[in-house]
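Worksheet: the structure to be examined is printed underneath.
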Amino acid sequence: MLLVVFLLLLASLATVLALSGGASPRRGVEVGRELTLLVACALPLALVVASLVWFAYRQGLPGAPFSLETFAAKSVWSVASWPGRIGLAALGLVFLSLLPVLAGTTVRPIEGGQGDDFSGRALLLFEVARQYRTLAACSVCVCLFLPGSLGLILELQALTLFVVDFLFFWAKVFLVQMTALSLEDAFVGRFRGDQAASFYSLAASGLALAGLILLFFDVRL
């Protein structure tokens, strides 16, 4: 899990650095904003990951606490009482707000005129890479916060179980992706760089810390 999240952050950073050489006069401002967002989201992201790992370890989820398979195999919601579920919901909201930054959807190349960042094949590769990062980030969110087997609920077996769960998983990924992109367009994308940084470093971090405290009370109860 840590490796996947680290690679997503590294890919977003690489994209920002690749666009920093653009000829557009406004590119420097946009690159500075994206770098600020990457730094600001580090604290809430660390709080979310650390809280989930600690809770999975203390509640005895089978498997390695740093592995996505652990969270996909057995939902953390199943081992949480009401304080823990509120805490998990808070952590899920924080992670959802971080998805645009992790997926790199807030970074867009400038097209047209002398300020072209990419064109032709390079632009195609940029868009394909961004879509892959978006799918990866949303898949991590589903594995952590929305696991579950629809096939087992319907008591299916063999190939039918695999097909139904495969489609169910990607349906959840699509739902998370649409929600994250809607939040970006309606909320995060409207912030100035300093406002977005304050939101992630203060509001998102505070909500993640509150989630951790609720998980702590759940374990102690």
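The values are calculated or read from the model by the stated rules, or taken from the named source; none is laboratory data. None of these values were measured; they are calculated from a predicted model. Positions of Cβ are generated from backbone atoms using ideal geometry, with glycine treated the same way; all protein chains shown enter the neighbour counts. With ligands, DNA and RNA removed, areas are computed over all heavy atoms of the protein, side chains included. Shrake-Rupley method; radii C 1.70, N 1.55, O 1.52, S 1.80 Å.
Modelled with pLDDT of 85 or more, open to solvent by less than 60 Å² (accessible area, probe 1.4 Å) and of a type outside the set (Lys, Arg): is that true of residue 219 in this structure? The answer is yes for residue 219. Residue 118 fulfils the conditions (1) out of contact with any Lys or Arg (no Cβ under 9 Å at 6 or more places or on another chain); (2) modelled with pLDDT of 75 or more; (3) outside any helix (DSSP H, G or I) except for a single criterion, (2). Of all residue pairs spaced 6 or more apart or on separate chains, none has beta-carbon atoms under 8 Å together with a first member in segment 200-217 that is free of Cβ contacts under 8 Å to residues at least 24 places away in the same chain and a second member that is not in a helix (DSSP H, G or I). Residue 133 falls short on exactly one of the conditions (1) over 20 Å from residue 44 (Cα atoms); (2) at pLDDT below 85; (3) open to solvent by 20 Å² or more (accessible area, probe 1.4 Å), and that condition is (1). Condition first: in a loop (DSSP other than H, G, I, E, B), in contact (Cβ under 8 Å) with a residue 60 or more places away in the chain and within 21 Å of the chain's Cα centre (by Cα). Now tell me which residues in segment 39-65 satisfy that. Within segment 39-65, 41 is the sole residue that qualifies.
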